[in-house]
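Reviewing the structure listed below.
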Amino acid sequence: MLDETFFDQCAVVCVDLQEGKCGEPMADDRLPALWKAMGFTAADVNAASDFAWDVCLPNAYKVVEACRRLQLPIIFLHWGYRFKNGMDLDPVVRAMMLHDHGEDFNAWSGHIDQESSQPAKCFHVREDEYALPKTAQDAFISSNIGFLLTNLGADNLVFIGGHTEACLGKTAVSAKRLGYRTLCIEDATNNARESTRRKGIEESQFDFVVDTRTFLALVDQHAQRGSLARAGRRGKHHRDGKRTHRSDYSSRSTTTRFPSKPSQEPDSTCTTSSVRSSAPTLTSSRCSAS
């Protein structure tokens, strides 16, 4: 049962809500060939973009602000390979970049120096928060999030962001495999296509799925009871030793590769300059929308 005790030893994981612009609505004749082959339609992509801008990101902003009141650790995952030629990228992602852009590395997305790779400015990431770059869809195999969560003493993770069938989903699946309890705020997520956003959430097998209104009510309950200790940052929580060791990723087998099934997010970095992004960044006015 989900209650406000979930906030004990808790951290927030915001996935790929990055700086960017909302493009023009997509037309079917502009869809990339790979997207068409996977059954995407312009209407579905446009619905995903609209949901991301008008629902997901305003709700994500509310969640972040509420969790700041509880002084919970907040991790902003974002794309950020470091070498210009992408040699530190997931090989599958790099192969897709080469396929799409050749060796015109300036056309590649996701480099850590690109503004569009950074967490959305409207979140105003604070000095005591954690902006963490990754180089694959699954953050547990491509960033130091495992070390970070262990040092924070986190056991429970709140997920927001996207895509539910790619970066958010794969990271959440690894978190659950490693013994974390996971909570998804359904209407603070996005996906490449809206028709399968909830499917991605279901396949990630979160322990709890709630909407923003329910989550904020839990935050209020926790705050009213005066439970504002920074338990998630103290790293003093006693572990019973029965959980899979979270620094042991040797058991991973398929998490470094995209599945070939049609539901897979086709874009290598969850954004693309050639289509209307379904994971854009809000302006500050949208972030603060009530």
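Couple of notes before you dig in:
- The sole residue among Leu2, Leu57, Leu77, Leu72 that is crowded, with 19+ Cβ neighbours inside 10 Å and either part of a loop (DSSP other than H, G, I, E, B) or without any contact (Cβ under 8 Å) to a residue 12 or more places away in the chain (or both) is Leu72.
- The residues of region 156-188 that are hydroxyl-bearing (Ser, Thr, Tyr) and under 18 Å from Val219 (Cβ atoms) amount to a single one, Thr182.
- Selection status of Ser143, part of a loop (DSSP other than H, G, I, E, B) and either within 24 Å of Cys56 (Cβ to Cβ) or hydroxyl-bearing (Ser, Thr, Tyr) (or both): yes
- Residues in region 124-173 that are out of contact with any strand residue (DSSP E or B) (no Cβ under 7 Å at 6 or more places or on another chain), buried (at least 19 other Cβ atoms within 10 Å of the Cβ) and of a type in the set (Phe, Trp, Tyr): Phe140 alone.
- Of the residues making up region 120-140, those that are part of a loop (DSSP other than H, G, I, E, B), under 18 Å from Leu72 (Cβ atoms) and not aliphatic (A, V, I, L, M) are His124, Arg126, Glu127, Asp128, Glu129.
Every read-out reported here was derived from the displayed coordinates using simple, explicitly stated rules and does not represent laboratory data. Small disclaimer: the values here were computed from a predicted structure and weren't measured. Don't worry about glycine lacking a Cβ; one is built from the backbone with ideal geometry, like all the others, and counts go over all protein chains shown.
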